[in-house]
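In what follows, a single structure is set out as structure tokens and then discussed.
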Amino acid sequence: MKRAWINRYKRGLSMSQTFKSISLVTIMLLSALSGMVVASDFAEANTVVITEPQQIVDGGSASDTQTAIVADSQGNVHIIWARNNLHLYYSMVASNGEILIDATQITNAGIHKVWHPDVVADADDNIHLVWTDKSGTHKIMYTALSPYKIQPFNGQSSTDNSITGIDDTIIAQRAQDRDWASIDVDSQGNIHIAWQDEYDSEEKFFNQPQIYYSMIQPDFVTNNIIVLFDDTLITPIIGHKGHPDIVVDANDQVQIAWDDTRGGKVELVFVIDTSGSMYSEWADVCTVIYGGTFSDGSS
């Protein structure tokens, strides 16, 4: 049984996955005004939807999935998605629905296996993305876009080189698998990234995925990043951790939530050799279940 945990240390709103085309609908959230009494718990569609669904891209025979979206300070929205899980694409749409930048490939040429992108906009309207590249050894990737540097917008597709501020950069790549990166930005423009990772340098967690964290500083002068905190394990306890989400509050405190099997009800079945040849291995099994110290003195 997985339970929600939060650690005090935003991601773009994910849209429903679709095939062949991606659509956008603008939702108006009604604020509760002072003295206003809401008569019903339910809202009619025409009271919250202020535009008809708008097709952002028609990929034809391609499969466009895993959409993420974020709005900038000027009310424009930035949409990213995976095409055939091979490349990331990007589009920029004005608040009135006008296409400012049409579908543009933003991953470098080559073989990729793109999964679970996430996106955030900073105070200068640069767009920061993370995703997992599962080609070869799994990698957590980061890219920054500066779409406003190509003004005026003409509604056409751009190029990766034209809008990229910081090129595809590896945040984490080691043995074992990793996935589900999440990203947010603080008031200083620093980027905070969390993801699940099966890397286990101490071989204590039996390759169960844990939550890792990294903090970087984008440098748009050198078009590179400065690593402030490298890969940091924040869940050093046995159990299956997954699907983290990260947010930075107004005080620049970083908070991460994830699902976790600790405290859950798990049925364990062991095949035990009762001939007496297991020696300390049997004691180590008890340590795994109940805690304590392993036969080699570690814990």
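The values are calculated or read from the model by the stated rules, or taken from the named source; none is laboratory data. Predicted, not measured: the structure shown is a model, and the values here were computed from it. We place every Cβ from the backbone using ideal geometry, glycine too, and count neighbours over all the protein chains shown.
The table that follows gives values for the structure above.
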read-out	value
Looking only at segment 48-85, and only at residues there that are of a type in the set (Gly, Ala, Ser) and over 19 Å from the mean Cα position of the chain (by Cα), the one that is farthest from residue 126 (Cα to Cα)	61
Count of residues meeting criterion [within 14 Å of residue 55 (Cα to Cα), in a loop (DSSP other than H, G, I, E, B) and not polar (S, T, N, Q)] in segment 72-102	3
Residue 222 in a loop (DSSP other than H, G, I, E, B) and buried (at least 17 other Cβ atoms within 10 Å of the Cβ)	no
Of all residues in segment 178-202 being in contact with a Ser or Thr (Cβ under 9 Å, 6 or more places away or on another chain) and surrounded by fewer than 19 Cβ atoms within 10 Å (Cβ to Cβ), the one that is farthest from residue 299 (Cα to Cα)	179
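Table: residues versus (1) assigned by TED's automatic domain parsing to the domain that holds residue 183; (2) under 20 Å from residue 119 (Cβ atoms); (3) of a type in the set (Asp, Glu).
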residue: 210; (1), (2), (3): yes, no, no
residue: 217; (1), (2), (3): yes, yes, no
residue: 225; (1), (2), (3): yes, yes, no
residue: 230; (1), (2), (3): yes, no, yes
residue: 237; (1), (2), (3): yes, no, no
residue: 240; (1), (2), (3): yes, no, no
residue: 246; (1), (2), (3): yes, yes, no
residue: 250; (1), (2), (3): yes, no, no
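Quick grid of which residues meet (1) closer than 30 Å to residue 291 by Cβ; (2) touching a strand residue (DSSP E or B) at 6+ places or on another chain (Cβ under 6 Å); (3) at pLDDT 95 or above:
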| site | (1), (2), (3) |
| --- | --- |
| 102 | no, yes, yes |
| 123 | no, no, yes |
| 144 | no, yes, yes |
| 166 | no, yes, yes |
| 179 | yes, yes, yes |
| 183 | no, yes, yes |
| 188 | no, no, yes |
| 192 | no, yes, yes |
